[in-house]
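Read-outs: derived from the displayed coordinates by stated rules, not from any lab. Quantities reported herein were computed from a predicted structural model and do not represent experimental measurements. All Cβ positions, even for glycine, are placed from backbone atoms using ideal geometry, and neighbour counts span all protein chains on display.
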Amino acid sequence: MRIHFIAIGGSAMHNLAIALHKKGYQITGSDDVIFEPAKSRLDKYGLLPSEMGWDAERITTDLDAIILGMHARTDNPELLKAQELGVKIYSYPEYIYEQSKNKLRVVIGGSHGKTTITSMILHVLNYYNRDFDYLVGAQLAGFETMVKVTAEAPVMIIEGDEYLSSPIDRRPKFHLYKANVAVISGIAWDHINVFPTYSDYTSQFDKFIDTITEDGVLIYCKADNDLNEIVEHSTARINKIGYAIPDHEIDKGITYLLPEKTALKIFGDHNLMNLNAAKLVCAQLDISAVDFDTAIASFTGAAKRLEVISADESTNVYKDFAHSPSKLKATIDAVKSQFADRKLTACIELHTFSSLNKDFLQEYSGSMDKADNAIVFIDLKSFEQKRMEPFSEADVRDAFANPNLKFFNDASELKAYLLSLNYQNTNLLMMSSGNYAGFDLPKLAASLKK
């Protein structure tokens with residue numbers, strides 16, 4: 001098979017390119033810019049384009065397929081040439097389905113927790129040397145790539161998000177996988193540039209349920225009232241299994257699963273619910289509850305999900321991918337509950353399209369109230385890059401409804417402020433889907449110790 005990737009540098013795209021290369025396919029690709037780690041990883045496998053930019057001459061009738069990434073535009077010259085020549089064009093979720101249509105497909109959906117649930121399942125399957133393919137949204141310890149596709153594996157575990165599939169396919173990705181076993185972890189409005197109302201957004205999950213294969217299984221979070229209502233009203237011919245927080249206890253900063261008192265390396269109610277979802281999926285894959293608990297005890301978490309940067313007897317520093325209001329609140333709650341005797345300094349970078357929308361900003365009301373010291377940072381370049389109108393410090397304060405909130409839009413001033421604080425018996429939580437204008441978080445954490 002000869003396959004060309006348009007916008008090969010994307011996170012999922014370059015991983016899929018590597019996975020297909022390993023399968024023996026002939027892969028080429030193009031992009032206008034490729035960042036690390038994608039650049040080095042593509043170069044390692046001889047897949048890095050020799051020149052950046054688009055070139056219609058790369059597209060010929062010898063190609064078996066084009067895989068089109070979201071980074072490309074509808075007027076991309078390579079895309080236009082492929083359409084002119086009639087070369088088959090796939091979005092990457094479409095092609096993932098093509099690679100897995102004869103396998104049992106487990107699809108993890110929901111507004112939050114998808115990567116963690118998927119990672120937990122992969123960890124347990126890997127622990128027992130099970131043969132499986134996968135697509136996950138973060139780099140995991142013990143897994144070289146974020147995508148694996150083979151001819152032999154009987155099952156594929158897929159993290160399925162609700163964002164659009166490609167510039168010419170406006171369907172949400174998770175609608176295309178046709179799950180045999182599906183998870184919905186919860187619903188919290190996001191992607192308002194695509195789903196301008198909450199109703200528009202929730203309807204995508206209703207449609208996702210309808211894509212589950214007949215007599216398939218839906219595993220869903222019972223703690224989410226809106227999700228419960230959608231599931232209850234669904235007429236899909238599927239089996240529905242709800243889950244909640246498992247029995248547990250916290251002792252000296254460690255969470256234990258009950259009744260066996262299995263010590264975990266993760267914490268927080270949201271992670272415990274994620275764990276229960278993963279456990280129910282693994283039960284569908286013939287892994288017993290006891291075997292699951294044995295394996296999950298060594299799970300340390302997905303990258304950037306309450307990832308420990310440094311820790312000692314007085315201060316832990318975490319980074320987390322939290323960016324939406326629900327994720328922000330859940331992450332703060334988790335750290336405060338786990339370390340009830342420590343104060344918490346929590347900083348969120350508003351970086352996504354939704355969080356930089358002045359109307360959506362109101363959804364953050366009260367989301368940082370449990371932090372002892374709440375900080376909001378915005379890199380002004382984010383507004384420019386997204387071509388959005390900046391809002392003021394007053395707008396942020398009003399939206400978060402937190403009179404003690406600190407606001408920064410200069411990275412050097414934020415860093416100076418963080419370094420000026422006393423971290424005795426205090427944790428620091430840095431949350432963003434961006435990079436704090438280039439912050440070196442490990443270096444910052446080391447400086448705090450001094």
Which semi-axes, in whole Å and largest first, does the equivalent ellipsoid of region 95-296 have when worked out from the alpha carbon gyration tensor as the square roots of 5 times its eigenvalues? 26, 21, 16
Relative contact order of region 41-194, defined on C-alpha pairs under 8 angstrom at six or more residues apart (%): 27
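Taking neighbour counts of Cβ atoms within 10 Å as a proxy for exposure, in what order, fewest first, do ASP312, ASP410, ASP379 appear? List each step's numbers first, then the result.
Numbers: ASP312 9, ASP410 13, ASP379 22.
In increasing order of surrounding Cβ atoms, one gets ASP312, ASP410, ASP379.
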Determine the distance separating the Cα centre of region 109-156 from the Cα centre of region 290-330; give it in Å without decimals. 18
Antiparallel as a % of all DSSP beta bridges within region 2-87, to the nearest 5? 10
Could you list, in their original order, any pairs among LYS101/LYS327; LYS81/LYS386; LYS265/LYS304; LYS343/LYS406; LYS261/LYS327; LYS39/LYS386 whose Cα atoms are separated by more than 22 Å? LYS101/LYS327; LYS81/LYS386; LYS261/LYS327; LYS39/LYS386
Square roots of five times the Cα gyration tensor eigenvalues for region 2-87, Å: 19, 15, 10
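Give the dimensionless ratio obtained when the Cα radius of gyration of region 264-365 is divided by 2.2 N^0.38 Å. Don't jump to the answer; show the numbers that get you there.
Numbers: Rg = 16.1 Å, N = 102, 2.2 N^0.38 = 12.8 Å.
Ratio of Cα Rg to 2.2 N^0.38 Å: 1.26.
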Check which residues have an amide H placed less than 5 Å from ALA182's amide H, if you skip close sequence neighbours. VAL107, VAL217, LEU218, ILE219
Sorted by packing (mean other beta-carbon atoms within 10 Å per residue), highest first, where do 249-262, 89-102, 4-17 land? 4-17, 89-102, 249-262
As a test of the formula, what do you get for the chain when each DSSP H run with n ≥ 4 contributes -39,500 (n - 2.57) and the sum is divided by the residue count, at 222 nm and rounded to the nearest 500 deg cm²/dmol? -9500 deg cm²/dmol
Place a +1 charge on the Cβ of each Lys and Arg in region 373-450 and a -1 charge on the Cβ of each Asp and Glu, then give the dipole magnitude about the Cα centre in debye, rounded to the nearest 20. 380
Unit-weight point scatterers at every alpha-carbon of region 201-316, Debye formula, q = 0.10, 0.11 1/Å: log10 I(q)/I(0) is -0.39, -0.47
Based on Cα coordinates alone, diagonalise the gyration tensor for region 307-449, multiply each eigenvalue by 5, take square roots, and list the semi-axes in whole Å, largest first. 24, 17, 13
What is the set of long-range amide H partners of TYR45 at a cut-off below 5 Å, with H atoms built 1.01 Å from backbone N? none
Viscosity 1.567 mPa s, temperature 4 °C: what is the translational diffusion coefficient of the chain from Stokes-Einstein with a Kirkwood Rh over Cα pairs, rounded to a whole number of µm²/s? 56
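What ranking of PHE299, PHE195 emerges when the number of other C-beta atoms within 10 Å of each C-beta is taken as an exposure proxy, fewest first? Each step should come with its number before you reach the end.
Working: PHE299 22, PHE195 19.
Ordered by Cβ neighbours within 10 Å, fewest first: PHE195, PHE299.
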Going by C-beta contacts inside 10 Å, put VAL124, VAL33 in order with the fewest on the left. VAL33, VAL124
Short version: ³J(HN,Hα) in whole Hz for each residue of region 301-313, in order, from phi by Karplus 6.51 cos²θ - 1.76 cosθ + 1.60 (θ = phi - 60°), x for Gly and Pro, what are they? x, 7, 4, 6, 10, 6, 7, 7, 8, 7, 7, 8, 5
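Below 15 angstrom from the Cβ of GLY438, what's the summed charge of the other residues (Lys, Arg +1; Asp, Glu -1)?
Numbers: positive: LYS319, LYS381, LYS415, LYS443; negative: GLU36, GLU349, ASP379, ASP410, GLU413, ASP440.
Every neighbour counted, the sum reads -2.
Rank by packing, highest mean first: peptides 235-246, 143-154, with packing defined as the count of other Cβ atoms within 10 Å averaged across residues.
Values: 235-246: 14.5, 143-154: 16.7.
The most tightly packed comes first, giving 143-154, 235-246.
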